[in-house]
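Notes for the one structure printed next.
The values are calculated or read from the model by the stated rules, or taken from the named source; none is laboratory data. Values in this document were obtained by computation on a predicted structure and should not be read as measured data. For the accessible areas, the whole protein counts, side chains as well, though only heavy atoms, and no ligand, DNA or RNA atoms are used. Shrake-Rupley method; radii C 1.70, N 1.55, O 1.52, S 1.80 Å.
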Amino acid sequence: MSLIEEINRRRTFAVISHPDAGKTTLTEKLLLFGGAIHVAGAVKSNKIKKTATSDWMEIEKQRGISVATSVMGFDYNNYKVNILDTPGHQDFAEDTYRTLTAVDSVIIVVDVAKGVEAQTRKLMEVCRMRKTPVIVFVNKLDREGKDPFDLLDEIEEELKISVRPLSWPIDMGQSFKGVYNIFEQKLDLYTPSKQTVTESVEFKDLLNPELENYVGTENAEKLRADIELIEGVYPEFDKEEYLKGELAPVFFGSALNNFGVKELLDCFLAIAPAPRPVQTEERIVRPEEEAFSGFIFKIHANMDPNHRSCIAFVKICSGKFERNANYKHVRFNKMMKFSSPTAFMAQKKSVVDEAYPGDIVGLPDTGNFKIGDSLTAGENLHFKGLPSFSPEMFKYIENADPMKAKQMNKGIDQLMDEGVAQLFINQFNGRKIIGTVGQLQFEVIQYRLLHEYGAQCRWDPLNLYKACWIESENTEELENFKKRKYQFMAKDKEGRDVFLADSSYVLQMAQADFKDIQFHFTSEF
């Protein structure tokens with residue numbers, strides 16, 4: 001196939017939602033259709049010892065939540081699909097924000113009973129900022145939930161986006177009959193099962209009295225009235241509006257029972273964008289360019305517990321990536337060769353010889369990469385939009401076992417490179433401070449230090465309001481500020497100055513007193 005054909009058959013997307021809306025279950029069912037896995041393992045049930053394919057870290061299996069973004073690729077109907085399953089838990093939001101820089105479109109999962117929740121709103125803001133096209137999947141229709149019309153209003157209002165249903169539920173909960181697929185004009189009938197694929201009947205004319213035989217008189221009448229209302233109230237589905245990120249198609253189903261998932265996937269492949277041009281500081285990079293370019297959006301330590309190695313995830317933006325070819329590491333300004341680049345199925349890896357725009361490739365990393373690094377065929381390009389946010393929770397990290405200082409330092413270094421949390425060194429007492437966006441991250445760090453590095457840490461409390469990066473062209477004022485705030489100054493991993501404000505009042509006063517100093521709340525400035 002030519003480069004253009006390879007690009008056009010790629011679909012790279014993320015599945016995002018609030019915790020427990022069924023994101024990992026949906027990902028698993030999509031993989032089932034791609035033939036990438038052959039049996040769906042119940043994630044929560046202890047009777048079945050299989051856990052979700054995309055949750056492979058020990059701590060994820062124990063907690064039943066996703067803490068790191070997983071990357072999975074498979075072929076389906078001549079498309080090459082790359083799914084990134086993201087953590088829904090807000091404590092890991094930063095991993096998700098970064099993942100959204102590497103995808104071309106997004107599927108948002110909404111729980112029919114709970115509707116739009118806080119975390120979903122936040123993630124939608126990131127999609128809106130980047131004009132990423134969004135499809136909404138309303139999940140758990142085999143349970144009682146909100147009225148579908150009310151839910152559509154809520155999605156429009158909360159996510160600030162126009163919606164257009166492309167499938168419609170026939171009842172829900174105990175008496176759930178199935179959905180009418182508006183996009184393909186088919187009736188999909190529901191049989192609760194985690195493995196089978198549903199019965200679907202072509203149904204172009206809903207006035208056909210046959211409908212009653214399938215769903216009963218009452219449901220048939222309600223469905224006709226609902227569809228008439230939808231056609232009257234909602235605009236026709238416009239693919240251009242969707243691609244601009246202004247219109248969200250909505251599907252209904254039950255991921256756990258594998259219902260409505262295939263319809264979602266088929267429509268998604270038909271309308272979702274192939275890899276798109278990417279903005280760099282220098283210029284716009286187009287996927288069809290001959291020369292290879294890509295950026296690192298995630299680093300993961302210890303994907304294989306037997307080998308203490310990190311893997312850097314590269315999103316390919318243009319050209320063709322080839323194994324053993326020489327590529328330029330822009331930040332180091334040196335050429336590098338990769339003899340064993342890998343493709344993923346969660347933690348199962350296979351070596352790839354070539355990859356195309358939209359694909360995500362893992363490169364073995366011995367400390368060469370940082371999040372945001374660019375790799376090119378030789379040109380100096382700097383990709384934008386991979387920020388670290390200012391943390392909101394802080395603790396001192398202390399080594400509980402002096403014999404294991406080396407393991408401890410290595411563990412902290414690798415985990416911070418992953419972007420799990422941020423490390424600051426207090427300039428006043430030299431102690432290490434870990435900053436995170438949520439409490440759960442402290443537990444994950446402690447767990448992973450012990451189980452992956454054999455190092456024990458303990459946390460000492462530290463009461464801070466915010467960490468902000470500071471810079472100024474007025475060196476005298478900067479020095480003066482650092483002297484005055486000596487106890488609250490720290491350095492981050494890159495050696496940049498960070499001010500640790502212990503209250504919002506102190507921060508406001510500092511901003512008012514030192515007019516020439518810029519205070520930044522993300523690391524990208």
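What ³J(HN,Hα) values, in whole Hz, does the Karplus curve 6.51 cos²θ - 1.76 cosθ + 1.60 give for the stretch 166-183 when θ = phi - 60°, with x put for Gly and Pro?
Going residue by residue, I get 10, 8, 9, x, 9, 6, 7, x, 4, 9, 5, 9, x, 10, 9, 7, 5, 4 Hz, with x marking Gly and Pro.
Short version: ³J(HN,Hα) in whole Hz for each residue of the stretch 136-142, in order, from phi by Karplus 6.51 cos²θ - 1.76 cosθ + 1.60 (θ = phi - 60°), x for Gly and Pro, what are they?
Once θ is set to phi - 60°, the couplings for the stretch 136-142 become 9, 10, 8, 9, 6, 6, 7 Hz.
If you plug each phi of the stretch 4-19 into the Karplus form 6.51 cos²θ - 1.76 cosθ + 1.60 with θ = phi - 60°, what whole-Hz ³J(HN,Hα) values come out, in order, with x for Gly and Pro?
Each residue of the stretch 4-19 in turn: 4, 5, 4, 5, 5, 9, 8, 9, 10, 9, 10, 9, 10, 5, 6, x Hz.
Taking a 1.4 Å probe, which of Lys222, Lys146 shows the most accessible area, and what order do the others take after it?
Descending order: Lys222, Lys146.
In a Debye calculation with equal point scatterers on the alpha-carbon sites of the stretch 163-302 and no solvent, what is log10 I(q)/I(0) at q = 0.14, 0.19 Å⁻¹?
Values returned for q = 0.14, 0.19 Å⁻¹ are -0.76, -1.13.
Where does each of Glu476, Glu5 land when they are ordered by accessible area, with a 1.4 Å probe and the largest first?
Details: Glu476 145, Glu5 100 Å².
If we order Glu476, Glu5 from most to least accessible, we get Glu476, Glu5.
Which of the lysines could a cross-linker span from Lys160 if the Cα-Cα distance has to be under 16 Å and same-chain partners fewer than 8 positions apart are dropped?
Those lysines meeting the cut-off are Lys122, Lys131, Lys244.
Taking amide hydrogens as modeled 1.01 Å from N in the peptide plane, which residues meet the under 5 Å criterion relative to Lys370, leaving out close sequence neighbours?
It is none; the list stays empty.
What is the extension gain from Thr191 to Arg323, computed as 0.36 nm multiplied by their sequence separation minus the C-alpha to C-alpha distance, in nm to one decimal?
Contour length minus the Cα-Cα distance gives 42.9 nm.
Under 5 Å between amide H atoms, partner at least 5 residues away or on a different chain: which partners does Asp401 have, H built in plane at 1.01 Å?
Gln456
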